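Contents: one structure, followed by commentary.
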Amino acid sequence: MTVGYCLLSDSATPMVSLHAYLPPGSVPSRPVSVIATVTVTEIGNSSSDQYEIRLRDGGAVADVIANDNVYSAYFTHFVSYNATYTVRIRALG
């Protein structure tokens, strides 16, 4: 699995597009769902927030081309630029 991101700063709400590429043969069959779990921890704060986002391969919204094994979604829950953002991707099938 290859994971990438792109910060989109030209919109009213800061967004990051998340992408996960699942090469053919990397999973036994086409996954039922690909989930990104984003953990946000503000620097100086011991607590964190978690967000689950379903990535899609349908050629709409953040996903550019349908059925190309690149699953994508936008993350828009920015707390601060002074925070750490950890992303974990799971393919469930």
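Summary of computed values
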item: Integer Hz, Karplus 6.51/-1.76/1.60 couplings in order for the stretch 36-49, x for Gly and Pro; result: 9, 10, 9, 9, 10, 10, 5, 5, x, 10, 7, 8, 9, 10
item: Rg ratio (alpha-carbon, reference 2.2 N^0.38 Å) - the stretch 24-72; result: 1.52
item: Length-normalised contact order of the chain in % [C-alpha pairs under 8 Å, at least 6 apart]; result: 34
item: Potential extension, THR41-THR13 segment - 0.36 nm per residue separation minus Cα distance; result: 8.2 nm
item: For the chain, the spread of Cα positions along each principal axis, largest first, Å; result: 42, 29, 17
item: Of the chymotrypsin sites (Phe, Trp or Tyr not before Pro) in the stretch 25-93, those whose Cβ has at most 12 other Cβ within 10 Å and which sit in DSSP loop; result: TYR81
item: Computed lengthening from THR86 to ASP68, 0.36 nm per intervening residue step minus Cα-Cα distance; result: 4.0 nm
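Bear in mind these aren't lab numbers, they're just calculated from the coordinates by the rules spelled out. What you see is a predicted model; the values in this text were computed from it and never measured. Positions of Cβ are backbone-derived with ideal geometry, glycine not excepted, and every protein chain shown enters the neighbour counts.
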